[in-house]
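A.B. asks: Could you have a look at this structure, given as structure tokens, before my questions?
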Amino acid sequence: MIHSEKLKQIKSLETNANSCQSCELAKTRTNVVFGSGSIDAEIFFIGEGPGQEEDLQALPFVGRSGKLLTRLIEEELEIPRSDCYIANIVKCRPPANRNPLPQESASCTPFLIKQLEIISPKVIITLGNVATQYLLETKEGITKLRGRFFQFSDFHIMPTFHPAAALRSGAVVVAQMRADFATAKHYIEQSQR
Ligand code: URA
């Protein structure tokens with residue numbers, strides 16, 4: 001798809017998302033957090049849902065987790081964050097940062113699928129258990145799933161930890177995230193040969 005067509009489609013999807021009332025989260029949100037980044041991104045990150053800061057700024061991963069994510073993108077993928085695309089399973093903040101309910105995730109998924117179809121990334125990196133288990137339809141934990149590739153529709157998913165887990169757990173988890181980002185980078189380089 002040509003760049004201008006992608007841009008038109010993503011903008012129209014964002015306009016639809018901004019007025020979405022499909023689930024209860026619409027009642028408590030400040031803003032819809034549609035997603036941000038390059039529509040030509042090769043890497044598409046998926047988190048679980050906006051937190052407080054994201055809800056206020058209408059941007060994904062702008063709080064403490066986001067700062068770590070940005071640092072790992074710059075240091076391990078060696079690209080600016082703005083070259084990736086970042087979105088969440090649910091586009092509206094779950095109250096008190098609880099996990100999204102299955103019905104909330106399900107009603108928001110068509111937006112995510114359309115974002116993926118328009119952007120058509122080479123790799124999707126899911127961040128943490130919630131996003132990974134939801135998309136891969138598994139109960140397996142992130143420690144087992146991380147750093148490996150899984151097929152999801154026409155896409156390749158590589159799960160890694162959520163940066164919030166890295167902030168809680170410390171250096172070992174950060175090192176594992178770095179290794180997973182390096183795996184994704186290597187995969188993309190291979191696919192360009
Ligand atoms: N955690 C998430 O899963 N997503 C965000 O956008 C921010 C924090």
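A.B. asks: May I ask you to derive the relative contact order of the range 41-140, considering only C-alpha pairs under 8 Å and at least 6 residues apart, and to give it as an integer percent? Kindly include the intermediate steps, with their values, before the conclusion.
C.D. replies: Details: 127 pairs, mean separation 43.9, N = 100.
The value is 44 percent.
A.B. asks: Ok, one more. So with the 1.4 Å probe, I'd like the accessible area per residue for the range 1-40, rounded to whole Å². Write out the running numbers ahead of the final one.
C.D. replies: Working: 2410 Å² over 40 residues.
Result: 60 Å² per residue.
A.B. asks: I would also like to ask the following. Any idea what diffusion coefficient the range 1-115 gets from Stokes-Einstein, in µm²/s, Kirkwood Rh on alpha carbon pairs, 25 °C, 0.890 mPa s?
C.D. replies: On the way: Rh = 14.4 Å.
In µm²/s, the coefficient rounds to 170.
A.B. asks: With a 1.4 Å probe and all protein chains left in place, how much accessible area per residue does the range 80-193 have, in Å²?
C.D. replies: Accessible area per residue, the range 80-193: 47 Å².
A.B. asks: In angstroms, what radius of gyration and Dmax does the range 120-193 have, counting Cα atoms only?
C.D. replies: Just the Cα atoms of the range 120-193 yield Rg and Dmax of 12.2, 38 Å.
A.B. asks: Would you mind computing Rg(Cα) / (2.2 N^0.38 Å) for the range 81-174, counting N as its residues?
C.D. replies: Here the answer is 1.08, to two decimals.
A.B. asks: I need to check one value: relative contact order of the range 23-76, counting alpha carbon pairs closer than 8 Å and at least 6 residues apart, in percent. Present the calculation step by step, with values, prior to reporting the outcome.
C.D. replies: Values: 34 pairs, mean separation 18.8, N = 54.
Value for the range 23-76: 35 percent.
A.B. asks: 5 Å is the cut-off here: which amide hydrogens, built 1.01 Å from N in the peptide plane, fall below it relative to T126, excluding neighbours closer than 5 in sequence?
C.D. replies: For T126, whose amide H was placed from the backbone, the distant partners under 5 Å are I46, M158, T160.
A.B. asks: Another question about this same structure. Could you identify which residue out of G63, G47, G170 has the top mean-square fluctuation in a GNM of the chain using Cα springs shorter than 10 Å?
C.D. replies: G170
A.B. asks: Kindly write out, for the range 10-25 in residue order, the coupling ³J(HN,Hα) from the Karplus curve 6.51 cos²θ - 1.76 cosθ + 1.60 (θ = phi - 60°), rounded to whole Hz, with x marking Gly and Pro.
C.D. replies: Values per residue, Gly and Pro as x: 5, 5, 5, 5, 5, 4, 5, 4, 5, 10, 5, 10, 6, 9, 5, 5 Hz.
A.B. asks: Can you compute 3J(HN,Hα) from phi for each residue in the range 134-144, using the Karplus curve 6.51 cos²θ - 1.76 cosθ + 1.60 with θ = phi - 60°, rounded to whole Hz and x for Gly and Pro?
C.D. replies: 5, 6, 8, 6, 9, 9, 4, x, 5, 4, 7
A.B. asks: Turning to a different aspect of this structure: Based on DSSP H runs of at least 4 residues, each adding -39500 (n - 2.57), what is the mean residue ellipticity at 222 nm of the chain after dividing by all its residues, to the nearest 500 deg cm²/dmol? Each step should come with its number before you reach the end.
C.D. replies: Working: 9 runs with 94 residues, N = 193.
Theoretical 222 nm ellipticity from helices: -14500 deg cm²/dmol.
A.B. asks: Which entries in K144/K185; K27/K67; K11/K139; K8/K91; K114/K139 show an alpha-carbon gap greater than 23 Å? It would help to have the intermediate numbers written out before the result.
C.D. replies: On the way: K144/K185 20 Å; K27/K67 28 Å; K11/K139 34 Å; K8/K91 20 Å; K114/K139 25 Å.
Long pairs (Cα-Cα over 23 Å): K27/K67; K11/K139; K114/K139.
A.B. asks: Now a separate question. Report, largest value first, the span of the C-alpha coordinates of the chain along each principal axis, in whole Å.
C.D. replies: Result, largest extent first: 41, 41, 29 Å.
The values are calculated or read from the model by the stated rules, or taken from the named source; none is laboratory data. Fair warning: this is a prediction, and the values are worked out from it, not measured in the lab. Ligands, DNA and RNA are excluded from the accessible area calculation, which covers all protein heavy atoms including side chains. Shrake-Rupley method; radii C 1.70, N 1.55, O 1.52, S 1.80 Å.
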